[in-house]
Every structure is written in structure tokens, then in C-alpha cells.
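The values are calculated or read from the model by the stated rules, or taken from the named source; none is laboratory data. Because the structure is a prediction, the values reported are computed rather than measured. No Cβ is skipped: glycine too gets one built from the backbone with ideal geometry, and neighbour counts run over all protein chains shown.
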Amino acid sequence: MTIIILTFGEILPKSISKADPDKIAMKFSGVLYFLMKVLTPISFVFGGLQKLVSRKNKNDAPTVTEDELESIIDTMNEEGVIDNDEADILQGAIDIKTKTVGDIMTPRVDIVAISIDDSLETVKDLFIEHQFSRMPVYENDKDNIVGILNQKDFMIKYLKNEKIVISDIMTEPSFVTETMKVDDVIRLMQKEKKHLAIVLDEYGGTSGIVSMEDAIEEVVGEIYDEHDDEEPTKPLITKVGENKYILDPEMSVEDLYDYLEIEHLPEENYSSVGTMLYELSEKLPTVGEKFTVKAIDDVLNEHNDYVQIVTTLTFTITKMDERRIDELSLEVERGSQNEEKKED
């Protein structure tokens, strides 16, 4: 009986209606209107009973969960209702609340900054060389960021041969922490009308910088302007052979595990693969050094037995940029399956 009701009361009507929804709706609108009028008293009674029960058993659970919403987006993408770019934007808007500033910031070693004691020629050359619209200004060292200098404000005065005092034309910096959520940073920058923020570590020193563009890119993807390279950036991971990959150390551990279809993440919350390897290393990493990480997943097989799959990830450092890991090779080995029957 259940199969009959499901087939003729659910699946078949939906399939027919989906083929030509407007025509079907117009054809049956009269019948539906009649049934609505006739059944209104009955639905009113059951609606009142439902409200009475819901008052006694308050349930704050959402009617649509985040997983269900992601499933809806995937289905709409597969059926052509939205394209890949639109699906990525919607997915990015959902995921942004889980991203932290530490995941997207430019680290301290990559910061191009101006010393408050730099000559005007040095400041001009830095702006011309790097084509940044804004640069942080520090006093003594980068742990003491005292302002943000706008390229336009500086260049206008420089080209007019006006007297320039960096401290007079720079703006107050905004400070955020590595653990601050990306959506909170966007709201903060909107409120303070800032496009650049200084990221502080747990000791109050400079850990990096984050821009409004960095935050927005988490939703809409990479944003290129006329000064960016036309060639797209290299992919974070490239398959080069059977279970062999070339890996960008900036790739997040979560994205890597998703790509390799590994369920259980490491216990430590690493922001990137490079960070994880630095934590695992007992000394300064060097080219050729290998790191082994194991992941264990429990899955049900066709006999309803839990199967333990051991995946061994072997990372090898292939390139270093001074003290920074620049490129990795990765070899993945799926271990033997050990069956463990779970007792009820």
C-alpha cells in the first residue's frame, strides 16, 4: 500500500506536473479551488491541533538544515536551474561563516609595508613596483603598524610637489584577530569604511593583513583587475599520476581531505597543509624532507559491517622559498580494510 501511495500520490503527479507546470496548474486550478473551499473547515481543525501540540513541545530546530540547503543547490546546479558560477557563489555564502581571517590573510612574511621614516622616493617606488592601492605604515618594525597609506592620497600630493608628511595623510588602521570570522570582518570593514585590516596574533604582534577583496573572494571567487596577471593562478592540487599529486602548501587541510574523499580531519585545526607540516617538523623544513600523515575512516560495506580504511598521505617538500614551503608532492596509499563488526 505504501508503495502504491508513494508512486501514484507523490512521484507520478510530481513528474507529470514538472514536465509542463503552467499548463497543469491552469488545467486543475478549478478543482483545486473547489477542494480548498470544501476542506478548509477540516484543515482549520487539524491546524489548530498542530499549533496546540507545538506549543507543548517547543522545537527550535530549523525546518531546512544547512546540509539540505547545500543539497538543494547541488540539485539546482545539476538540473541547469543555476550554472556553476552561481552555485559556487551560493555555496561560498553558506561556507563563509566557517572561514576565519587566518584562512584568508596575507601572512606577515608577504606584507609589503612602508616605514614611517622612509623617504618619499622610496614610498613612491614601492607603490609603483607593487601597484597596491594601500600599504600599511610601521614604526620601528612590522609589529607596530601605526597607519594605512592610500596610494591616491600620496601620489596627488607628490605630483603637485606639495609637502608630504606620512603621518598626516595616513589613516588609522583597523585591527582584527586570526580567529575572527570572515563575515564579521566584512561587517566591520563596512561599518568603519576600511578596505584593509591588520591581523594580530595572540601576543599582539602582526600576524598578517586582510583586505575587503580577500573576504569578498571567499564568496564570489577570485577577483582580477587590470593590474593582475592575465594568466590564472596555478591550481592548488594537480594529479600527476596514479595516487600522485603536486600540491600548493597554501591549500587548506579540509579542502585536501574533501578532494581525496577522506572523512576524518586531523585533531589539530590547521589552517593549511603548509602549516600542518611546519607543526609536524621538529626543525626548519628542507627540500626533500618527507612527512607521513595517516587518516582512518569507518564505513559500512555491502554486508553492513564497518570497514576501517587507513589512508597514508606522504608529503615531500619539492621547493622552498627561503624558509617557506613553496611546493609539495603527495603520494596517497589506501591501506588494507580491517572489518570490525559493530555490536548493537
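Which numbered condition in (1) touching an Asp or Glu at 6+ places or on another chain (Cβ under 9 Å); (2) surrounded by 15 or more Cβ atoms within 10 Å (Cβ to Cβ); (3) of a type outside the set (S, T, N, Q) is the only one that Val220 fails?
(2)
Can you tell me which residues in the stretch 174-206 are assigned to a strand (DSSP E or B) and either among the β-branched types (Val, Ile, Thr) or not assigned by TED's automatic domain parsing to the domain that holds Thr106 (or both)? Give the derivation first.
At the first step, the residues of the stretch 174-206 found to be assigned to a strand (DSSP E or B) are 174-177, 181, 196-200, 206.
Val176, Thr177, Ile198, Val199, Thr206, listed by residue number.
Looking at the stretch 75-88, which of the residues that are within 16 Å of the chain's Cα centre (by Cα) and crowded, with 16+ Cβ neighbours inside 10 Å is farthest from Val273 (Cα to Cα)?
Looking at the filtered set, the residue picked out is Ala87.
Which condition from (1) buried (at least 16 other Cβ atoms within 10 Å of the Cβ); (2) closer than 25 Å to Ser272 by Cβ is the one that Glu66 breaks?
Glu66 satisfies every listed condition except (1).
Filter the stretch 257-267 for residues that are without any contact (Cβ under 8 Å) to a residue 40 or more places away in the chain and of a type in the set (A, V, I, L, M) and give the result.
Selection gives Leu265 alone.
With the structure loaded, tell me whether Asp103 is touching a Ser or Thr at 6+ places or on another chain (Cβ under 7 Å), of a type in the set (D, E, K, R), assigned to a helix (DSSP H, G or I) and surrounded by 15 or more Cβ atoms within 10 Å (Cβ to Cβ) or whether it fails that test.
Spelling it out, Asp103 is indeed touching a Ser or Thr at 6+ places or on another chain (Cβ under 7 Å), of a type in the set (D, E, K, R), assigned to a helix (DSSP H, G or I) and surrounded by 15 or more Cβ atoms within 10 Å (Cβ to Cβ).
Using the structure shown, decide if Ile116 is at pLDDT 90 or above and over 30 Å from Glu250 (Cβ atoms).
On the way: at pLDDT 90 or above: yes; over 30 Å from Glu250 (Cβ atoms): yes.
Yes, satisfied.
Of the residues Ser119, Ser133, which single one is among the hydroxyl-bearing types (Ser, Thr, Tyr) and either under 19 Å from Met212 (Cβ atoms) or surrounded by 13 or more Cβ atoms within 10 Å (Cβ to Cβ) (or both)?
Of Ser119, Ser133, the one residue that is among the hydroxyl-bearing types (Ser, Thr, Tyr) and either under 19 Å from Met212 (Cβ atoms) or surrounded by 13 or more Cβ atoms within 10 Å (Cβ to Cβ) (or both) is Ser133.
Which members of the stretch 244-268 meet the condition of being among the aromatic types (Phe, Trp, Tyr) and assigned to a strand (DSSP E or B)?
Tyr245
Please pick out the residue among Phe132, Phe154 that is within 27 Å of Leu236 (Cβ to Cβ) and among the aromatic types (Phe, Trp, Tyr).
Working: Phe154 fails: within 27 Å of Leu236 (Cβ to Cβ).
After ruling out the rest, the residue left standing is Phe132.
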